[in-house]
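What follows is a short report on a single structure.
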Amino acid sequence: MDSNDTTRGLVVLAVDDEQPALEEMAFLLDDDPRVETVLKAGESTEALRILNGRRAGAPAGAGAPAGGVDLAEQTDIDAVFLDIRMPGLDGLELARVLKNMTVQPAIVFVTAHDDRAVDAYDVGAIDYLLKPLRSERLSAALDRIVATRGQGAVAEAVRPEESGSGDDEVIPVELAGTTKLVPRSSVRYVEAQGDYARLHTTEGSHLVRIPLSVLEERWRDAGFVRIHRSFLVSLPLVTELRLAGSGYVVRIGSGPETAELPVSRRHTRELKDRLVRATKQAWSQR
């Protein structure tokens, strides 16, 4: 079977160590008319054996090589829907293994835990679904798989890039069971709220379970700078730094979208230095 044949129905693999959850996921997948074949695995090692047994271009019935779990370069399985927390090799570790395939299947996580979304997208997940699984969210994930089908490593379509790259990172935001992908470039500033961070964009704000310190480290090379224990701002959007009372404030944007944020004394020097460097760099490129 040709894995690049986009005319056939989808071949998907469901992986979950809890039998009821596995059966429910398989039932919902099988109920979608775009899915031709649903395979099931109760743990990651079994999933790898199935992937090897479905080597693209292999004769029908060809199984895994001796040893059982050497990774195939390519499989006719289009997508793997997997839980994160499983005994032995967990879902994130399995996803990292699948990334070594020349042509990897799309990866969709189906989990009861909402605190691993960033890790999931870091390993190339195309979607992140929360249990109890809803058919409309599953359908949306299949839409994304179909849209990227035949493009090689389909999971790369929405994969966040490593910190410091020139590409835009994507932050997954869960709201009422729906995953919204917020590009880093749309974030004006970030506000700390305990162990969470609120991303302020031109379209509104989104609460994510990521500490501000983590975003500060990840986004430093993308032009974000810490100005206060509670705020991280996009440096290119800063239009003014001025004294206000006993300290400084920055202005971000202009017009009705203007925001003014406090700058703590300990972060003032670094902010000034980075603003000067950014200005010099801009002039040198003219």
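Describe numerically, in nm with one decimal, the distance between label points set 7 Å from Cα along Cα→Cβ at Thr239 and at Glu18.
Rounded to a tenth, the inter-label distance reads 5.0 nm.
By how many nm would the segment from His113 to Asp221 lengthen if fully extended, with 0.36 nm per residue of separation less the alpha-carbon distance?
Result: 35.9 nm gained on full extension.
With a sphere of radius 11 Å drawn around the Cβ of Ala14, what net charge do the other residues whose Cβ falls strictly inside it have (Lys, Arg +1; Asp, Glu -1)?
Summing Lys/Arg as +1 and Asp/Glu as -1 gives -4.
Which far-off residues, 5 or more places away or on another chain, put their amide H under 5 Å from the one on Ile171, with H placed in the peptide plane?
Val182, Arg184
Each reported figure results from applying straightforward, stated rules to the coordinates on display, with no laboratory input. Source: prediction; values computed, not measured. Note that we place each Cβ from the backbone using ideal geometry, even for glycine, and neighbour counts take in every protein chain shown.
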